[in-house]
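Reviewing the structure listed below.
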Amino acid sequence: MTTSTDFDIRRIGGRIGAEILGVDLSAELAPAVVAEINSALLEHKALVFRGQHLDDAGQLRFASLFGELTTAHPTVPSVDGQPNILPVDGEEGIRANQWHTDVTFVRTPPKASTLRGIVIPPYGGNTLIANSAAAYRDLPVPLRE
């Protein structure tokens, strides 16, 4: 079990994102480690864990540490037999290459989404994430109101 909360959190963007170093997501994580990762998620909005070796079960186990898992998508088919996993294939050029929000239109949207790169292209393949809370804070007060 990974019990030490002695890992690095490095900002990777001006308004969003941090990389977590020194945590093996395939190991059992102590509650204190999960709490610190959750705090980093709330602060940075997006976290990157490089060099992890997770399969579907490992990703689901990790994601479930942060709350009850939701159905991947109410209108798009999930992986057969895996209602919490939505395959995203950049080759298809539909969902993967257009701006979207991850199921924020449902009555109780998920807290977060977890993404796992299985096939990493030699170039491109960027995932862009926006911080809508920061965008809202930056609006002029009259427009916000």
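The values are calculated or read from the model by the stated rules, or taken from the named source; none is laboratory data. The shown structure was predicted, so the numbers you read here are calculated from the model rather than taken from an experiment. Here the Cβ is made from the backbone with ideal geometry for all residues, glycine too, and neighbour counts use every protein chain on show.
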Regarding region 44-65, can at least one residue be identified that is at pLDDT 90 or above, within 26 Å of ALA134 (Cβ to Cβ), outside any loop (DSSP other than H, G, I, E, B) and not hydrophobic (A, V, I, L, M, F, W, C)? yes
Of all the residues that make up region 130-145, how many are assigned to a loop (DSSP other than H, G, I, E, B) and exposed (fewer than 12 other Cβ atoms within 10 Å of the Cβ)? 3
Please count how many residues of region 36-66 are within 19 Å of VAL103 (Cβ to Cβ) and over 13 Å from the mean Cα position of the chain (by Cα). 1
Scan of region 50-73 for residues that are touching a helix residue (DSSP H, G or I) at 6+ places or on another chain (Cβ under 9 Å) and either surrounded by fewer than 12 Cβ atoms within 10 Å (Cβ to Cβ) or farther than 27 Å from PHE105 by Cα (or both), ordered by number: GLN52, LEU54
Residue pairs qualifying under the 7 Å Cβ cut-off, at least six apart or on distinct chains, with the first in region 125-139 being farther than 14 Å from GLU43 by Cα and the second being aliphatic (A, V, I, L, M), are THR127/LEU115; ILE129/ILE16; ILE129/ALA46
